[in-house]
Every structure is written in structure tokens, then in C-alpha cells.
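Below: one structure, written as C-alpha cells.
The values are calculated or read from the model by the stated rules, or taken from the named source; none is laboratory data. This one's a predicted model, so the numbers in the text were calculated from it and none came from an experiment. When we count neighbours, we look across all protein chains shown, and the Cβ atoms used for this are built from the backbone with ideal geometry, even at glycine.
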Amino acid sequence: MSAMMEKYWKDHSHELGADVVVTLAIARSLTTLDVHAASKVRTFIIKYMQKLFKDIDFIVTPTTATTAPELFDDAIEKGESNLVVTQKLMRFVFLANFCGLPAISVPIGYDENNLPIGI
């Protein structure tokens with residue numbers, strides 16, 4: 001993806017959000033060996049999950065490790081990059097995304113600030 005974006009970088013980088021700029025910078029640092037090693041890890045975990053699902057029907061986790069964070073007024077215009085918040089929001093979706101597992105979030109109530117909570 002990073003290599004494909006290079007031809008657009010000069011003229012359009014100012015249109016990208018900070019999160020995309022960081023992701024592309026990380027992608028540019030990866031070697032073919034890095035990608036191959038990651039693919040091997042992903043294959044191992046997918047096979048492990050296939051074995052696991054022979055004995056269980058589903059995995060239940062919270063949708064996120066936090067309720068909705070505050071959205072500051074300039075976030076839409078300038079974007080927002082908060083790695084702590086991102087990590088909390090993404091903590092429980094990593095496995096499904098990484099392995100291509102189907103997932104759904106089911107609302108189960110509200111927190112003390114009346115923000116939705118899901119599993």
C-alpha cells in the first residue's frame with residue numbers, strides 16, 4: 001500500500017490524516033522478510049483458532065476497553081491521533097481482524113455517563 005501511495009504523496013500528502021501518515025511511515029519501514037514473518041504468525045494463529053472452534057462456538061469479549069472518548073471540536077478538521085485511546089478502542093477487535101473471524105457488537109447497557117456499552 002505504501003509503495004502504491006508514493007506517486008500521490010508529493011501532491012496529496014496534505015490531504016491525509018495523521019493516522020494515515022503514521023501508518024504509511026510504518027509500512028515503508030517493513031521489509032519483505034518482515035511481511036513474510038508476519039504472514040507465518042497469522043497462519044499459525046488462524047490454524048490455532050480453527051482448532052479452538054472445534055470445541056467452542058464463540059468468544060465473548062467487551063466491544064471496547066473503554067466507552068466513547070471525548071471528541072474535541074477540532075478533531076474533524078485536523079484529525080486526531082491518540083494511541084492510548086486507539087489501543088483501548090481496538091484491544092478486543094484485533095483477533096477477529098487479524099484472523100478474519102466474523103464479529104458483532106451487541107449493546108448491553110450504558111455506563112455512568114449514559115454512554116453505550118457492548119459485548
In region 63-117, how many are farther than 24 Å from Thr23 by Cα and of a type in the set (Ser, Thr, Tyr)? 3
Run down Val84, Val60, Val21, Val35 and say which single residue is farther than 25 Å from Gly118 by Cα and at pLDDT 85 or above. Val35
Helices (runs of 4 or more DSSP H) enclosed by region 1-94 - at least 3 residues per element that are surrounded by 11 or more Cβ atoms within 10 Å (Cβ to Cβ): 2-12, 18-29, 32-52, 83-90
